[in-house]
Amino acid sequence: MLARDPHFFNQTDLIELRNKYGVNKLMPGLTGLAQINGRDELPISSKVKIDCDYMNQQSFWFDIYILWLTLIKVLKRENISH
């Protein structure tokens with residue numbers, strides 16, 4: 001059996017869509033636009049659309065904005081279940 005990318009069994013569709021739209025070329029980071037817009041509550045198609053939106057708007061200041069919103073979400077403990 002060939003080695004495969006390590007991921008959860010339920011993320012195959014997500015990975016395939018990210019590959020299809022070229023989002024897989026983005027460097028992973030500490031947070032992201034999808035994480036501040038619902039994380040695991042989002043359907044796969046919405047996550048990929050948000051990733052595409054980020055890819056098209058990518059800039060230093062947009063990254064600062066995402067970091068700022070991440071900090072606010074963490075401080076407010078929004079969407080934290082455990």
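No lab work stands behind these numbers, since they all come straight from the coordinates. Note that the structure is predicted; figures quoted are calculated from it, not measured. Cβ placement follows ideal geometry from the backbone for every residue including glycine, while neighbour counts extend to all protein chains displayed.
In nm, give the distance between the simple-model label positions of K25 and L69, each being 7 Å from the Cα along the Cα-to-Cβ direction.
2.3
Over the C-alpha atoms of segment 30-82, what are the Rg and the largest Cα-to-Cα span, Dmax, in Å?
11.3, 33
Could you put M27, M55 in order, starting from the residue whose Cβ has the fewest other Cβ atoms within 10 Å? Before the final figure, lay out each step's value.
Numbers: M27 4, M55 14.
Sorted ascending by nearby Cβ count, the order is M27, M55.
If you rank K73, K47 by fewest surrounding Cβ atoms within 10 Å, what's the result?
K73, K47
Against the 2.2 N^0.38 Å scaling, with N counting residues, where does segment 8-57 land? I'd like the Cα-based Rg ratio to two decimal places. Could the numbers behind the result be given before it?
Values: Rg = 10.2 Å, N = 50, 2.2 N^0.38 = 9.7 Å.
My calculation over the Cα atoms of segment 8-57 gives 1.05.
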